[in-house]
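Undergrad: Have a look at the structure that comes next, please.
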Amino acid sequence: MPRRFFSAAPLLAALFVGIALAAPAGATEPAPRTITISGEGEAYGTPDIAWIDTGVVTEGKTAAEAMAANTAAMQTVFKTLEEAGIEKRDMQTSQFSVYPVYEQVRPEDRPHTPKIGGYRVQNQLAVRVRDIDALGGILDKVVSQGSNQLSGIRFSIDKPEPLLDEARKKAVEDALRKAKLYAGAAGVALGQIMSISESGVSYPQPVYMKAAMAMERDAGAPVAAGEQTLSANVTLVIKID
C-alpha cells in the first residue's frame with residue numbers, strides 16, 4: 001500500500017495562533033499607583049484613678065524589734081485605708097525588706113569592719129484610689145496614722161478604650177487630609193483606600209501644663225490630677241489615578 005505523509009505545518013501554525021490569542025488574557029496587569037501616608041490623632045481625658053506608694057520604715061536594735069514595730073504600724077495603715085473606703089483588692093505590697101544598719105566608723109578606727117548598730121524594716125504598699133475626690137483626705141489619714149513614707153502618686157484612666165477610639169478616628173482623618181494635600185499638589189486624584197494599618201497607640205501620659213485640675217478639698221492635701229493624652233498612629237495606602 002502506498003504510504004501517506006501528513007504535514008505538521010498546519011498543526012504548528014494553529015498552535016502558534018492559539019498561544020498568540022491566549023497570551024493577552026494571562027498577561028500581568030501593571031501594579032496600581034498608590035500613595036502611602038501616615039496620620040496621628042490625639043484625645044484627652046481627666047484621670048479617674050490614682051495610685052499612691054506609701055509605707056512604713058522602722059528601726060530597732062534587733063531585726064525582731066524592728067519587725068514588730070513595722071507590723072504594728074502597717075496594721076494601723078491598713079485599717080486606716082479600709083476605713084477610708086479602700087478595698088483589699090486595691091492594696092498590694094510592692095516592697096518588703098529587712099537589712100542591717102551599720103554604725104559609722106571613726107577615721108581613727110579604720111580599717112576596722114563597721115559594726116551592726118541595728119536593723120531597718122521597710123514595707124511599701126501600692127494603693128489604688130478609685131475616688132479621686134477622696135485622695136487628699138486619704139493622704140492625710142495614712143500619714144497621720146503611721147505611714148512615714150510616701151514616694152509617689154500616679155494618675156490613670158480606668159477605661160481608656162473610648163478615648164483611644166476617638167484618637168484612632170482623628171488619626172485616619174489626619175492621614176486623609178494629608179493625602180488630599182499631596183494629591184492636589186501632584187495633580188493626581190485619590191482613589192479607593194487599599195489598606196489601613198495601625199502603627200501604634202500611646203496610653204495615658206500626664207499633660208499637666210494644658211489643664212491642671214487642682215482638687216483642694218475641705219480637708220486633705222491639695223493634689224492635681226492634670227490631664228492625660230492618648231494618641232494613635234495609622235498608615236493608609238491609597239490608590240491614585
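The values are calculated or read from the model by the stated rules, or taken from the named source; none is laboratory data. Please read these numbers as outputs of a predicted model, since none were measured by experiment. A quick note on method: Cβ atoms are made from the backbone with ideal geometry, for glycine too, and the neighbour counts reach across all protein chains shown.
Undergrad: Based on what the data block shows, is Ser94 under 30 Å from Leu163 (Cα atoms) and either in the same structural domain as Gln228 (by TED's automatic domain parsing) or at pLDDT below 90 (or both)?
TA: On the way: under 30 Å from Leu163 (Cα atoms): yes; either in the same structural domain as Gln228 (by TED's automatic domain parsing) or at pLDDT below 90 (or both): no.
For Ser94, the condition - under 30 Å from Leu163 (Cα atoms) and either in the same structural domain as Gln228 (by TED's automatic domain parsing) or at pLDDT below 90 (or both) - is not met.
Undergrad: Of all residues in segment 138-182, which are more than 28 Å from the chain's Cα centre (by Cα), surrounded by 17 or more Cβ atoms within 10 Å (Cβ to Cβ) and assigned to a helix (DSSP H, G or I)?
TA: Start the filter on segment 138-182 by keeping residues that are more than 28 Å from the chain's Cα centre (by Cα), which leaves 140-148, 179-182.
So of that shortlist, the ones also surrounded by 17 or more Cβ atoms within 10 Å (Cβ to Cβ) come out as 141-142, 146-147, 179.
The answer is Lys141, Val142, Ala179.
Undergrad: Based on what the data block shows, is Ala64 surrounded by fewer than 16 Cβ atoms within 10 Å (Cβ to Cβ) and not polar (S, T, N, Q)? Steps first, please.
TA: Working: surrounded by fewer than 16 Cβ atoms within 10 Å (Cβ to Cβ): yes; not polar (S, T, N, Q): yes.
Taking the combined requirement at face value, the residue satisfies it.
Undergrad: For segment 191-207, state whether one or more residues are modelled with pLDDT of 90 or more, over 27 Å from the mean Cα position of the chain (by Cα), surrounded by fewer than 18 Cβ atoms within 10 Å (Cβ to Cβ) and not hydrophobic (A, V, I, L, M, F, W, C).
TA: Here is the first cut: in segment 191-207, the ones modelled with pLDDT of 90 or more are 191-198.
Then drop every residue that is not over 27 Å from the mean Cα position of the chain (by Cα), which leaves 191-194.
Now drop any that are not surrounded by fewer than 18 Cβ atoms within 10 Å (Cβ to Cβ), which leaves 191-194.
Cutting the leftovers down to not hydrophobic (A, V, I, L, M, F, W, C) gives us 191-192.
Scanning segment 191-207 turns up at least one residue that is modelled with pLDDT of 90 or more, over 27 Å from the mean Cα position of the chain (by Cα), surrounded by fewer than 18 Cβ atoms within 10 Å (Cβ to Cβ) and not hydrophobic (A, V, I, L, M, F, W, C).
Residues are listed down the side, and each one gets a yes or a no for (1) in a strand (DSSP E or B); (2) surrounded by 15 or more Cβ atoms within 10 Å (Cβ to Cβ):
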| residue | (1), (2) |
| --- | --- |
| Thr80 | no, yes |
| Thr93 | yes, no |
| Thr113 | no, no |
| Tyr119 | yes, yes |
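Undergrad: Go through segment 47-58 residue by residue and tally those that are surrounded by fewer than 21 Cβ atoms within 10 Å (Cβ to Cβ) and at pLDDT below 95. Walk me through it before giving the result.
TA: Step one: of segment 47-58, the residues surrounded by fewer than 21 Cβ atoms within 10 Å (Cβ to Cβ) are 47-49, 51, 53, 57.
Filter again for at pLDDT below 95, leaving 47-49, 51, 53.
Final tally of qualifying residues: 5.
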